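A.B. asks: Have a look at the structure that comes next, please.
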Amino acid sequence: MAAIQFHQFPYMSDNYGVLLHDAETATTACIDCGDADAVIAALESTGWKLDHILITHHHADHTGGLDALKLATGATVIGPGNSASQLGGIDKTVTDGETFKIGNHQVNVLHTPGHTLDMLNYYLPEAGVVFTGDTLFAMGCGRLFEGDAETMFNSLAKLRQLPAETVIYCSHEYTETNGSFAEGVDPANVELKTRMKNVRSLRATDQPTIPTTLSEELATNPFLRANDGGIRQHLGMESASDLEVFTELRKRRDNH
């Protein structure tokens, strides 16, 4: 099977969109559509024709350009069923455990509520890539707008089960801010310090820090490290449950 190609592009102040292209079948999909013009510009730069739009969740910075892009390209929209009535443009609804194909490549649907209740992530097992929307960020996780800490904790546990080498595309360039928070709650983490030097260097020249990998996140993302002794000691929560530690981390990040 030919490798699938990925083209990441920025839009708005800190969002990322991604085009997926299966050259063997000339099939192209886009992850989310907050800005139709940005997607169209990305299509023009790659020379690809859009067939599918994959929606992660209903927030406007992920869906604001949906109607215009659908009209311009005729693409089929795939997204969460519990957002269909809100968005109006979803043609095919999917939920946790379902699969579909982009060209010859299988896509597994993961329901990861917490940031919103409708949040879907899209995992391509053959390519070893997952699109985490606003669930898992580089060194962070999404704010709890609709779900609670336990809901998000369980969603992140689902993503932790993917192979460590999985490449992660998330939807925002929050890495430097997230990493700054991580340094404050995990100060003895040598891998984190090394990673942050690279992150700050990239951002100083306006370079993206995304994609990341699950192995990097397991080593440096405090929201995946609630069981870490160093973090627990720093928080004074050595005897707390992992969920209690996670909840405290999310509370502190909200105020960071």
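A.B. asks: Within region 181-192, does at least one residue satisfy the condition of being free of Cβ contacts under 8 Å to residues at least 40 places away in the same chain and within 14 Å of the chain's Cα centre (by Cα)?
C.D. replies: No: region 181-192 contains no residue that is free of Cβ contacts under 8 Å to residues at least 40 places away in the same chain and within 14 Å of the chain's Cα centre (by Cα).
A.B. asks: Select from region 1-45 the residues that are assigned to a strand (DSSP E or B) and polar (S, T, N, Q) and write down the one among them that is nearest to the chain's Cα centre (by Cα).
C.D. replies: Of everything passing the filter in region 1-45, Asn15 is nearest to the chain's Cα centre (by Cα).
A.B. asks: Within region 226-243, track down each residue that is touching a residue at least 12 places away in the same chain (Cβ under 8 Å) and assigned to a helix (DSSP H, G or I). Steps first, please.
C.D. replies: Kept after step one, since they are touching a residue at least 12 places away in the same chain (Cβ under 8 Å), are these residues of region 226-243: 226-228, 230-232, 234-235, 242-243.
Within region 226-243, Gly230, Ile231, Arg232, His234, Leu235, Asp242, Leu243 meet the criteria.
A.B. asks: I'd like the residue in region 83-103 that is polar (S, T, N, Q) and loosely packed, with under 14 Cβ neighbours inside 10 Å and, out of all such residues, is modelled with the highest pLDDT. Full working, then the answer.
C.D. replies: Pass one, region 83-103, residues polar (S, T, N, Q): 83, 85-86, 93, 95, 99.
Filter once more, keeping what is loosely packed, with under 14 Cβ neighbours inside 10 Å: 85-86, 95, 99.
Working: Ser85: 64, Gln86: 71, Thr95: 94, Thr99: 98.
Here the answer is Thr99.
A.B. asks: When region 106-139 is examined, which residues are found to be in contact with a Gly (Cβ under 7 Å, 6 or more places away or on another chain) and not in a strand (DSSP E or B)?
C.D. replies: Within region 106-139, Pro113, Gly114, His115, Leu117, Met119, Asp134, Thr135, Met139 qualify.
A.B. asks: If Thr63 meets every condition in (1) without any contact (Cβ under 8 Å) to a residue 40 or more places away in the chain; (2) surrounded by fewer than 22 Cβ atoms within 10 Å (Cβ to Cβ) apart from one, which number is that one?
C.D. replies: (2)
Conditions tested, residue by residue: (1) small (Gly, Ala, Ser); (2) within 13 Å of the chain's Cα centre (by Cα).
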{"position": "Gly89", "(1), (2)": "yes, no"}
{"position": "Asn108", "(1), (2)": "no, no"}
{"position": "Thr112", "(1), (2)": "no, yes"}
{"position": "Met119", "(1), (2)": "no, yes"}
{"position": "Gly133", "(1), (2)": "yes, yes"}
{"position": "Gly142", "(1), (2)": "yes, yes"}
{"position": "Asn154", "(1), (2)": "no, no"}
{"position": "Glu165", "(1), (2)": "no, no"}
{"position": "Glu173", "(1), (2)": "no, yes"}
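A.B. asks: Looking at (1) touching a His at 6+ places or on another chain (Cβ under 7 Å); (2) part of a helix (DSSP H, G or I); (3) more than 25 Å from Phe131 (Cβ to Cβ); (4) not polar (S, T, N, Q), find the lone condition where Phe181 falls short.
C.D. replies: (3) is the only condition that Phe181 fails.
The values are calculated or read from the model by the stated rules, or taken from the named source; none is laboratory data. Keep in mind that this is a model prediction, so the values were computed, not measured. Neighbour counts run over all protein chains shown; Cβ positions are idealised from the backbone, glycine included.
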